[in-house]
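Peer 1: Shown below is the structure under consideration.
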Amino acid sequence: MTVTVGDSPSPPRMLVGCVIANQALCREHFRLTLRTEAIENALPGQFVHLGPPSADAGDDVSRKGTSFAPIPLLRRAFSIAGMRLVEGDRCDIDVIYRVVGTATTWMASLRPDDAASMLVPLGNAFPVSKGKKYAWLVGGGVGLPPLLWLSEALNRSSRSVTAIIGARNRDLLALTFDESVEIPVDGYSASRVSAEFAANDTPVILSSDDGSVGFRGHAAAALETYYSRAGVAAGDLVVYTCGPELLMRAVARFCLDRSIECHVCMERAMACGTGTCQSCVVAVHEAGSPDGWRYELCCTQGPVFEAGRIVWPDSGGGVQH
Amino acid sequence: MSSSLSPEGVDLSVQLAGMRLANPVMTASGTSGYGPEYAPFIDVSSLGAFVTKAVTAQERKGNPQPRTVETAAGMLNAIGLANVGLERFVTEKIPFLATLGIPVIANVAGHDPDEFAMVSARLDEIPCISGVELNVSCPNVSGGLDYSTNATQLEALVTTVRPRVRRAALIVKLSPNVTDIAEMARAAVRGGAEALSMINTLSGMAINVDTFRPLLANVTGGLSGPAIKPVAIRMVHKVYSEVARDAGVPIIGMGGIQNWRDVVEFHLAGASAVAVGTNLFVDPTTPNTICTGLRQFLADKGIPRLTDLIGQLRT
């Protein structure tokens, strides 16, 4: 399960995870750690499809677990925020979630030793381009998790990695702050204020919409500011982004306008996570198609897409998003 | 009830419109793709039969997203018959299906009787296709409900397709969105249906109270999942007792099946086989756990053959 960038991921399996920890990270975000059988190979960008353990083969008993939270029917998809080999033949999988509805309310009710069912690992991974000296990770809100794990993998590949992470305000940044580190507000300089990124030797630029922490503005604006003085050639840089679609669109535009390689990690509601239900469509350009675009599935053909392939919502052309 | 019957000694096999199913559990159309999608999780050849996603003459992109949303004990979907189209289905999807060695049922949809007939006829030529299921009731495509809510039109549609399907079993999937489903079943049987699948999804809708907008881009969708099971059981019971039993036309029961208890209910109500749909999204191994549970249940009851259960409701 050691992550080696460039390996192909293991086929997905349905596994039962045992809750190891379920911690609040900030006002609305939690980190859930599940222990399960070792997964031979999974890669940053991939996701886990998470739900309550199956009812016991028709015996009419309530599902296992001690909570009285509403139980969701369908699984929910979460980017893997981290994965570690433990106890020789087990692994711990981290997901970071924000409580927004039935499923995440159930997740917030989980306690150590409770069980959850997982389909894992699913989806594709962030491609890691050879020859790019600089990798910048631009995340907003709950788009942070896959970038955390990516920073760990990139750090081992001896690139210069910088994270640019934004939220609406400080209370919604799901990071652990090192209070001894001053947080730059100019957008030009990165710091080691985030313990999570610092552990991966990744300096971080923080931004907030209201200026309550770091650079005032969204993460795409911070990216633009940082780039303006970084002195990095476009051809030496690759940008990975995950977050609200408006943010990713702005990051994609910025990169495409400058011929900077950019990969976006998309989010879609999905029922199956495995390519059957056809819920999670993403419109992509297709030169050969009569109307110039087609749908791909976020679950099996994504969630990571090359930014230039995505047909963003205001692109016109009659694309149905 | 004590018995000396072992679970392994129970016969789960079913004869269904000329097809032999090793067990009664099939997939419901649209919930298991074209086969390979669930191969990492389940031996697809262990199913009683595999039912494909709908196939139409031309490729269809389907509806804008959001296409699905969870509701209480269920989900709404409005996929819009997104599929690769007939020719790509034949060239790209059939090779995997041909390796399964179990009955494969192709779900067929179309704009009009001619499209249904053309697609059905082409699929009838393919040896591994054992059945053609007419999707007369997809609620998410404009006009898709007409054939399923008007008995005269439904009978005309089935009558048009009937002579074009010579080898495979002709199955008609019924909509629950009607006043009297038995009347629709009679129309399908008059048109030449050899089996009835029931039920398709119930028409439904959900609204985001913050934005005042529908939760599905298509506004309305089809409700599936455990929420609809009692509706499905009642409809299977009605069609079995009023139409299918006397006509000798088997019913494939579906709607909210999660476990073997649900399957036993469908069989007692009159279904000869069953299909798992939404619960495949929750647990792709559901068909296997159902079979294990069914064997144990029948052994415990001292019932040697699953077929002994069909229609045994006591009222």
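The values are calculated or read from the model by the stated rules, or taken from the named source; none is laboratory data. None of these values were measured; they are calculated from a predicted model. Here the Cβ positions follow ideal geometry from the backbone for every residue, glycine too, while neighbour counts run over all protein chains shown. Ligands, DNA and RNA are stripped out before the accessible areas are found, and what is left, the full protein with its side chains, is counted by its heavy atoms. Shrake-Rupley method; radii C 1.70, N 1.55, O 1.52, S 1.80 Å.
Peer 1: So which of A:196, A:267 ends up being assigned to a helix (DSSP H, G or I) and surrounded by 20 or more Cβ atoms within 10 Å (Cβ to Cβ)? Spell out how you get there, then give the answer.
Peer 2: Numbers: A:267 fails: assigned to a helix (DSSP H, G or I).
Checking each option against the conditions leaves just A:196.
Peer 1: Here is a list: B:119, B:69. Which entry is touching a Leu at 6+ places or on another chain (Cβ under 6 Å), part of a strand (DSSP E or B) and either touching a residue at least 12 places away in the same chain (Cβ under 8 Å) or among the basic types (Lys, Arg) (or both)? Explain how you work it out, then say what you get.
Peer 2: Values: B:119 fails: part of a strand (DSSP E or B).
Within the list B:119, B:69, the selection yields B:69.
Peer 1: If you don't mind, another one. Listed residues B:92, B:59; which is within 11 Å of another protein chain (Cβ to nearest Cβ), charged (D, E, K, R) and over 21 Å from the mean Cα position of the chain (by Cα)? Step through it out loud before you land on a result.
Peer 2: Details: B:92 fails: within 11 Å of another protein chain (Cβ to nearest Cβ).
Only one candidate qualifies: B:59.
Peer 1: OK, next. Say we look at the stretch B:62-89 and pick out the residues that are farther than 29 Å from residue A:51 by Cβ and within 13 Å of another protein chain (Cβ to nearest Cβ); which of these is least open to solvent (accessible area, probe 1.4 Å)? Show your work before the answer.
Peer 2: Applying the first criterion (farther than 29 Å from residue A:51 by Cβ) to the stretch B:62-89 yields B:85-89.
Of the ones still in play, those that are also within 13 Å of another protein chain (Cβ to nearest Cβ) are B:85, B:88.
Details: B:85: 2, B:88: 91 Å².
Among residues in the stretch B:62-89 that are farther than 29 Å from residue A:51 by Cβ and within 13 Å of another protein chain (Cβ to nearest Cβ), the one least open to solvent (accessible area, probe 1.4 Å) is B:85.
Peer 1: Could you tell me whether residue A:245 is touching a residue at least 12 places away in the same chain (Cβ under 8 Å), open to solvent by 10 Å² or more (accessible area, probe 1.4 Å), of a type outside the set (Ser, Thr, Tyr) and within 14 Å of chain B (Cβ to nearest Cβ)? Lay out the reasoning, then the answer.
Peer 2: Numbers: touching a residue at least 12 places away in the same chain (Cβ under 8 Å): yes; open to solvent by 10 Å² or more (accessible area, probe 1.4 Å): yes; of a type outside the set (Ser, Thr, Tyr): yes; within 14 Å of chain B (Cβ to nearest Cβ): yes.
Criteria met by residue A:245.
Peer 1: Residue check: is residue A:287 out of contact with any strand residue (DSSP E or B) (no Cβ under 6 Å at 6 or more places or on another chain) and surrounded by fewer than 22 Cβ atoms within 10 Å (Cβ to Cβ)?
Peer 2: Working: out of contact with any strand residue (DSSP E or B) (no Cβ under 6 Å at 6 or more places or on another chain): yes; surrounded by fewer than 22 Cβ atoms within 10 Å (Cβ to Cβ): yes.
Considered against the rule, which asks whether it is out of contact with any strand residue (DSSP E or B) (no Cβ under 6 Å at 6 or more places or on another chain) and surrounded by fewer than 22 Cβ atoms within 10 Å (Cβ to Cβ), residue A:287 comes out as yes.
Peer 1: Which of the residues that make up the stretch B:265-280 are hydrophobic (A, V, I, L, M, F, W, C) and open to solvent by less than 10 Å² (accessible area, probe 1.4 Å)? Walk me through it before giving the result.
Peer 2: Step one: filter the stretch B:265-280 for residues hydrophobic (A, V, I, L, M, F, W, C), giving B:266, B:268-269, B:271, B:273-276, B:280.
Correct list: B:266, B:269, B:271, B:273, B:274, B:275, B:276, B:280.
Peer 1: Out of the residues in the stretch B:256-313 that are under 26 Å from residue A:13 (Cα atoms) and in a loop (DSSP other than H, G, I, E, B), state the one that is nearest to the other protein chains (Cβ to nearest Cβ).
Peer 2: The residue in question is B:259.
Peer 1: Having 1 or more residues that are at pLDDT below 95 is the bar; report the helices (runs of 4 or more DSSP H) wholly within the stretch B:144-199 that clear it. Spell out how you get there, then give the answer.
Peer 2: On the way: elements: B:146-149, B:151-161, B:181-191.
In the stretch B:144-199, B:146-149, B:151-161 are the helices (runs of 4 or more DSSP H) which contain 1 or more residues that are at pLDDT below 95.
Peer 1: Please verify whether residue B:134 is open to solvent by less than 10 Å² (accessible area, probe 1.4 Å) and either within 24 Å of residue B:201 (Cα to Cα) or not in a helix (DSSP H, G or I) (or both), treating the condition exactly as stated.
Peer 2: Details: open to solvent by less than 10 Å² (accessible area, probe 1.4 Å): yes; either within 24 Å of residue B:201 (Cα to Cα) or not in a helix (DSSP H, G or I) (or both): yes.
Considered against the rule, which asks whether it is open to solvent by less than 10 Å² (accessible area, probe 1.4 Å) and either within 24 Å of residue B:201 (Cα to Cα) or not in a helix (DSSP H, G or I) (or both), residue B:134 comes out as yes.
Peer 1: Which of the residues belonging to the stretch A:249-264 are open to solvent by less than 10 Å² (accessible area, probe 1.4 Å) and either assigned to a strand (DSSP E or B) or without any contact (Cβ under 8 Å) to a residue 24 or more places away in the chain (or both)? Full working, then the answer.
Peer 2: Quick first cut of the stretch A:249-264, residues open to solvent by less than 10 Å² (accessible area, probe 1.4 Å) only: A:251-252, A:255, A:260, A:262, A:264.
Result: A:262, A:264.
Peer 1: Is there a residue in the stretch A:66-74 that is surrounded by 14 or more Cβ atoms within 10 Å (Cβ to Cβ), in contact with a Phe, Trp or Tyr (Cβ under 8 Å, 6 or more places away or on another chain), within 14 Å of chain B (Cβ to nearest Cβ) and at pLDDT 95 or above?
Peer 2: Yes: the stretch A:66-74 contains one or more residues that are surrounded by 14 or more Cβ atoms within 10 Å (Cβ to Cβ), in contact with a Phe, Trp or Tyr (Cβ under 8 Å, 6 or more places away or on another chain), within 14 Å of chain B (Cβ to nearest Cβ) and at pLDDT 95 or above.
Peer 1: On to the next question. Looking at (1) more than 16 Å from residue B:104 (Cα to Cα); (2) open to solvent by 50 Å² or more (accessible area, probe 1.4 Å); (3) charged (D, E, K, R), which is the only condition residue B:167 fails?
Peer 2: For residue B:167, the failing item is (1).
Peer 1: Given the residues B:263, B:249, B:274, B:243, which is the only one that is touching a Gly at 6+ places or on another chain (Cβ under 6 Å) and not basic (Lys, Arg)? Working first, answer last.
Peer 2: Details: B:263 fails: touching a Gly at 6+ places or on another chain (Cβ under 6 Å); B:249 fails: touching a Gly at 6+ places or on another chain (Cβ under 6 Å); B:243 fails: touching a Gly at 6+ places or on another chain (Cβ under 6 Å).
Just a single option satisfies the conditions, and that option is B:274.
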